[in-house]
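*Asks:* Handing you this structure, nothing more for now.
The values are calculated or read from the model by the stated rules, or taken from the named source; none is laboratory data. Predicted, not measured: the structure shown is a model, and the values here were computed from it. In this analysis, Cβ positions are derived from the backbone assuming ideal geometry, glycine residues included, and neighbour counts consider all displayed protein chains.
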Number of protein chains: 2
Amino acid sequence: MKTEQIILAVDAMGGDNAPDIVIDGIRLALRDFAKTGKDVFFKLFGDENKVKPLLAKYRIPEDKYELIHTPDYIKMDDKVAIALRSGKKSSLWLANEAVKRGEASAVVSSGNTGCLMAFSKVILGTMSGIHRPALVSLMPTKTGVCVMLDLGANTECDARNLVEFAIMGDAYAKAVLKIGKPSIGILNIGSEEMKGKEELRQASRILRQTALAENFVGFVEPDDIGKNRVDVVVADGFSGNIALKAIEGTARLVFGLLKEYIKGSLLAKIGLPMFIPALKRMKNKMNPGRYNGAMFIGLKGISIKSHGGSDAFGFANALKVSVDAVSHDLKGCISTQLDNINFDEIEQRLANENEQK
Amino acid sequence: MKTEQIILAVDAMGGDNAPDIVIDGIRLALRDFAKTGKDVFFKLFGDENKVKPLLAKYRIPEDKYELIHTPDYIKMDDKVAIALRSGKKSSLWLANEAVKRGEASAVVSSGNTGCLMAFSKVILGTMSGIHRPALVSLMPTKTGVCVMLDLGANTECDARNLVEFAIMGDAYAKAVLKIGKPSIGILNIGSEEMKGKEELRQASRILRQTALAENFVGFVEPDDIGKNRVDVVVADGFSGNIALKAIEGTARLVFGLLKEYIKGSLLAKIGLPMFIPALKRMKNKMNPGRYNGAMFIGLKGISIKSHGGSDAFGFANALKVSVDAVSHDLKGCISTQLDNINFDEIEQRLANENEQK
């Protein structure tokens, strides 16, 4: 049986260490795809003077990619408004257009988050009922993983956005984690109803009046994420990004200290081989690279953001996330879930909330 | 030489597990104070029917405490506005009053954060130039510790509050870490100047025009905390609390998983004794209880908040933080530092910023 080929549009120029880690990441991902029997082809958008030597260096097979020469690219600190006007020849824009034209099934970039979000929104469009896409990813927990969004697509969020994130997170958990009725919580600084900011309390009140009420547990705190208190953690993009980076930073700090303390202890150094399996399991579980690759959920196409500072291992993971999103038809699954949502009812609840103000 | 006695006013009724962990914490702290030669006396405010049996159970020497019978107490979900009106006979209120009257040098509570802040602010008053106190504490980093504030006293913060937090954090680092010119960063979701929320960008612009400019590095991200990129991390209270709880939660998650993985590996179990010293060092470094006890900085008296869910070990640490704050004359040191600040200049900068809007 021949498996269907999945074509990814890759922005080779985005990210702090592009295009090197992009091409090295493709090498690592291809090795993995070969093992799992996946046929993946890469449409690479980037400056051929920079990308070509790397394709040779990392020995990417010629039948696995097409290089579309794109000398123009978006820089990490480019402003969205300007990029939208003058970035239409950039690798990021053209990679998005390839998805829109059906020449690729997903776009992947380690580049400027704001520009990727804006380009994908303009080119691919948002799903019906959704005003703003959110960055969604899986996070490690004690007993497995949970879904968290928004991880940083939207700096300012209102109650409407948060309610939409909850709806999309619910759909994502159903599609990816295969949970029938995922439990949902809103990230806050306390679990009591009166805690936190008004938009969070408003979103909580609205969710309690919708079809999701049954599985909505209310507010959760950042230390509840690892405890797996809920399947879906809904956050405003600012707090979600703060929590994500604090979690990643702490995991890195603990690993770094553990390494140092083992080096500093003769006994531990001697005993190290006996601990390698347990430490490897830990590293595999908590390595931020293993969770790299967040999807812009709520778009009419698949757009995947890899961390700007990602290494090749992390970028390879983002490519795997993209392939999984395509092969599980995540876009279709989420769209089907959203069809079940009564957005008119939510509009009414929002209107009632605003009236009471 | 006789050391001077330090008197702490303790709200015995505040916190999820009060008064049990409060009295058990006093037992642990007394053991530590005996070792370090500190003479500490506790004025306990609480319901004697509940507290007395615990004083017997934990064998607290009678010459180490006075129990002031206070049947009335503030609950964890009491609203601040109501507590301010009707809570004037509560243990929390009376403990603050004891500091105000000079009968104790610091108040300590694991109770309701909002009410502790409000009571301390009303009873003790704020330092000259400071509009809102902030919760400050030390956080573990790769190479030591850093100062972080606000950890959750203020849910909504404007540029003025953030600038004042920076000034107080600078003073705290000078007093506690003995750093001549502490480096300062504002917590944000990106290091670029255009990132994040307007109040953060505004505070950054103002700080660049003040005497602190030389040591202000701009924005830092949550993963920079553990890297010790700066000595002082300034955050709005909401983000600061999110980051704090994410860091604590991740440390707990990693320890829990490590325990589980070691149990699951026969080799690791056999080798465990060789690893105990390194693991102990790690636990000592990252244990959230070790950093429990945050000070409300900016008040004309010392008020210490212990985590609501703290255990006895954590509460004992909050008591040690209180004693250190008193014996290092933190209040005096910070007040002296604030005397050097040109608040009129900052008012002018704020006015200019608001004009430009």
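*Asks:* Of the residues in the stretch A:279-296, how many are of a type outside the set (A, V, I, L, M, F, W, C), closer than 30 Å to A:Leu124 by Cα and more than 10 Å from chain B (Cβ to nearest Cβ)?
*Replies:* 5
*Asks:* Quick check on B:Ala29: is it at pLDDT below 95, out of contact with any Pro (no Cβ under 6 Å at 6 or more places or on another chain) and buried (at least 16 other Cβ atoms within 10 Å of the Cβ)?
*Replies:* Against the criterion (at pLDDT below 95, out of contact with any Pro (no Cβ under 6 Å at 6 or more places or on another chain) and buried (at least 16 other Cβ atoms within 10 Å of the Cβ)), B:Ala29 does not qualify.
*Asks:* While we're on this one: Would you confirm whether or not the stretch B:297-304 contains a residue that is more than 9 Å from every other protein chain (Cβ to nearest Cβ), closer than 30 Å to A:Lys245 by Cα, in contact with a strand residue (DSSP E or B) (Cβ under 9 Å, 6 or more places away or on another chain) and of a type outside the set (A, V, I, L, M)?
*Replies:* Yes, the stretch B:297-304 contains at least one residue that is more than 9 Å from every other protein chain (Cβ to nearest Cβ), closer than 30 Å to A:Lys245 by Cα, in contact with a strand residue (DSSP E or B) (Cβ under 9 Å, 6 or more places away or on another chain) and of a type outside the set (A, V, I, L, M).
*Asks:* So, one more: In the stretch A:233-286, which residues are touching a Phe, Trp or Tyr at 6+ places or on another chain (Cβ under 9 Å), β-branched (Val, Ile, Thr) and more than 30 Å from A:Val136 (Cα to Cα)?
*Replies:* Listed by number, the list holds a single entry, A:Ile262.
*Asks:* Okay, moving on. Name the residue, out of A:Val99, A:Val107, A:Val122, that is surrounded by fewer than 17 Cβ atoms within 10 Å (Cβ to Cβ) and within 19 Å of the chain's Cα centre (by Cα).
*Replies:* The conditions single out A:Val122.
*Asks:* Out of curiosity, is A:Ser128 under 30 Å from A:Asn188 (Cβ atoms), at pLDDT below 95, over 19 Å from the mean Cα position of the chain (by Cα) and away from every other protein chain (no Cβ under 14 Å)?
*Replies:* Judged against the criteria, A:Ser128 is a match.
*Asks:* Next question, about the same structure. Determine, yes or no, whether A:Asp236 is within 10 Å of chain B (Cβ to nearest Cβ) and charged (D, E, K, R).
*Replies:* yes
*Asks:* Could you name every one of the helices (runs of 4 or more DSSP H) located completely within the stretch B:285-357 that has at least 1 residues being modelled with pLDDT of 90 or more and crowded, with 16+ Cβ neighbours inside 10 Å?
*Replies:* Passing ranges, in order: B:312-327.
*Asks:* Can you confirm whether A:Ile262 is facing chain B (nearest Cβ under 7 Å) and in contact with a Ser or Thr (Cβ under 8 Å, 6 or more places away or on another chain)?
*Replies:* No.
*Asks:* Also, quick follow-up: Just give me the residues in the stretch B:1-44 being part of a helix (DSSP H, G or I) and among the small types (Gly, Ala, Ser), in sequence order.
*Replies:* Once the filter is applied, which keeps residues that are part of a helix (DSSP H, G or I) and among the small types (Gly, Ala, Ser), the stretch B:1-44 yields B:Gly25, B:Ala29, B:Ala34.
*Asks:* May I ask you to list the residues in the stretch B:264-310 that are closer than 16 Å to B:Val145 by Cβ and polar (S, T, N, Q)?
*Replies:* Listed by number, the residues that qualify are B:Asn284, B:Asn287, B:Asn292.
*Asks:* Is it true that A:Leu267 is at the interface with another protein chain (Cβ under 9 Å from one of its Cβ atoms), farther than 30 Å from A:Ser191 by Cβ, over 17 Å from the mean Cα position of the chain (by Cα) and not acidic (Asp, Glu)?
*Replies:* It is true that A:Leu267 is at the interface with another protein chain (Cβ under 9 Å from one of its Cβ atoms), farther than 30 Å from A:Ser191 by Cβ, over 17 Å from the mean Cα position of the chain (by Cα) and not acidic (Asp, Glu).
*Asks:* So A:Ile189 fits all but one of (1) under 22 Å from B:Gly190 (Cβ atoms); (2) under 18 Å from the mean Cα position of the chain (by Cα); (3) crowded, with 20+ Cβ neighbours inside 10 Å; what number is the exception?
*Replies:* Condition not satisfied by A:Ile189: (2).
*Asks:* Still on this model: Go through the stretch B:240-259 and count every residue that is in contact (Cβ under 8 Å) with a residue 12 or more places away in the chain, touching a Pro at 6+ places or on another chain (Cβ under 9 Å) and either of a type outside the set (Val, Ile, Thr) or more than 7 Å from chain A (Cβ to nearest Cβ) (or both).
*Replies:* Adding up the residues that qualify gives 7.
*Asks:* Among (1) more than 30 Å from B:Arg205 (Cβ to Cβ); (2) part of a helix (DSSP H, G or I); (3) touching a residue at least 24 places away in the same chain (Cβ under 8 Å); (4) within 14 Å of another protein chain (Cβ to nearest Cβ), there is one condition B:Ile276 misses while meeting the rest; what is its number?
*Replies:* (3)
*Asks:* Now, a different point. Looking only at residues in the stretch A:131-147 that are part of a strand (DSSP E or B), more than 11 Å from chain B (Cβ to nearest Cβ) and not hydroxyl-bearing (Ser, Thr, Tyr), which one is surrounded by the most Cβ atoms within 10 Å (Cβ to Cβ)?
*Replies:* Filtering the stretch A:131-147 for residues that are part of a strand (DSSP E or B), more than 11 Å from chain B (Cβ to nearest Cβ) and not hydroxyl-bearing (Ser, Thr, Tyr), the one surrounded by the most Cβ atoms within 10 Å (Cβ to Cβ) comes out as A:Ala134.
*Asks:* Among the residues of the stretch A:75-94, which ones are surrounded by fewer than 21 Cβ atoms within 10 Å (Cβ to Cβ), away from every other protein chain (no Cβ under 14 Å), in a helix (DSSP H, G or I) and touching a residue at least 12 places away in the same chain (Cβ under 8 Å)?
*Replies:* Correct list: A:Leu84 only.
*Asks:* Just wondering, is there one or more residues in the stretch A:185-199 that are touching a helix residue (DSSP H, G or I) at 6+ places or on another chain (Cβ under 8 Å), more than 11 Å from every other protein chain (Cβ to nearest Cβ), at negative phi and modelled with pLDDT of 95 or more?
*Replies:* yes
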